[in-house]
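Here's the structure we're looking at; comments come further down.
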Amino acid sequence: MAQLFRPGALLLFKLVVLGVVLGVIVGIFVARSLVRGPLAAGDAPPQPIAFSHKHHVGDDGIDCRYCHASVENAAFAGVPHTDVCMSCHSQLLKDAAILEPLRASARTGEPLRWTRVHDLPDFVYFDHSIHVSRGVPCEHCHGAIDKMPLTRRVASLDMQWCLACHRDPVSHVASLRTQPLPDKRRLTDCSTCHR
């Protein structure tokens, strides 16, 4: 019986199949990065109000915990309720057109729909209170927020970025030099962040 394929055809077939599989895997990673791309690249996402941390924190000196009240005792930092904003803006800039969405939220009780800038995947557990209580400053992950007219991501917040700090926290965060740290195995245990 005559041979149907040349001897190198099977090898070529295997290489094509391998290339397709690798192409699909690379395509998935590229697609995921494009979905999160603008934030990873440092662009500020559109928001209902052009909120300036530079003005509120840098110029006016408002402490982060005034608006993000749960950061010290909860896993999430929290977005301030409209009432927190209105505690000042019922008197200051109360007729400014840029704040109309805020006033509408106060009138209707409908919360503002902010776009998360530091959004981690659902399979990642992150607890702000643990990091804050250990002395990790907000700026370590969020950058110089007091100098940002519009909030943008400055760190990748990917697994390797987090692990670099968890493996050697003292060299990444100067304020940790005087803190007692948990066992290093606990800092890098998978279940710490993946629950």
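Every condition in (1) in contact with a helix residue (DSSP H, G or I) (Cβ under 6 Å, 6 or more places away or on another chain); (2) assigned to a helix (DSSP H, G or I) holds for His131 except the one numbered (1). Residues in region 71-90 that are over 17 Å from Glu139 (Cα atoms), assigned to a helix (DSSP H, G or I) and not β-branched (Val, Ile, Thr): Asp83, Cys85, Met86, Ser87, Cys88, His89. Scanning region 160-193 for residues that are within 23 Å of the chain's Cα centre (by Cα), more than 13 Å from Val136 (Cβ to Cβ) and surrounded by 11 or more Cβ atoms within 10 Å (Cβ to Cβ) returns Trp161, Leu163, Ala164, Arg167, Asp168, Ser171, Arg186, Thr188, Asp189, Thr192, Cys193.
Residues of region 145-181 that are assigned to a loop (DSSP other than H, G, I, E, B) and either of a type in the set (Asp, Glu) or farther than 14 Å from His118 by Cα (or both): Met148, Pro149, Asp158, Asp168, Val173, Gln179, Pro180, Leu181. Can you name the residue in region 103-122 that is more than 26 Å from the chain's Cα centre (by Cα) and surrounded by 13 or more Cβ atoms within 10 Å (Cβ to Cβ) and is also nearest to Cys193 (Cα to Cα) among such residues? Selected residue: Ala106. If you check Thr108, Thr188 for being over 18 Å from Asp63 (Cα atoms) and at pLDDT 95 or above, only one passes: Thr108.
Scanning region 84-102 for residues that are of a type in the set (A, V, I, L, M, F, W, C) and in contact (Cβ under 8 Å) with a residue 40 or more places away in the chain, we see that the one that is surrounded by the most Cβ atoms within 10 Å (Cβ to Cβ) is Leu102. For Phe13, the requirement of being over 30 Å from Leu93 (Cβ atoms), surrounded by 11 or more Cβ atoms within 10 Å (Cβ to Cβ) and either modelled with pLDDT under 90 or in contact with an Asp or Glu (Cβ under 8 Å, 6 or more places away or on another chain) (or both) is met.
For region 138-145, indicate whether the set of residues that are surrounded by 12 or more Cβ atoms within 10 Å (Cβ to Cβ), among the charged types (D, E, K, R) and farther than 20 Å from Gln47 by Cβ is non-empty.
For region 138-145, residues surrounded by 12 or more Cβ atoms within 10 Å (Cβ to Cβ), among the charged types (D, E, K, R) and farther than 20 Å from Gln47 by Cβ: present.
Pairs linking a residue in region 37-57 that is more than 27 Å from Arg103 (Cα to Cα) and at pLDDT below 95 to a residue that is of a type in the set (S, T, N, Q) and not in a loop (DSSP other than H, G, I, E, B), with Cβ atoms under 7 Å and 6 or more positions apart or on different chains, are Ala40/Ser33. Being β-branched (Val, Ile, Thr) and touching a residue at least 60 places away in the same chain (Cβ under 8 Å): is that true of Val132 here? The answer is yes for Val132.
The values are calculated or read from the model by the stated rules, or taken from the named source; none is laboratory data. Not measured: the values here are computed from a predicted model. FYI the Cβ positions are ideal-geometry reconstructions off the backbone, even for glycines, and counts take in every protein chain you see.
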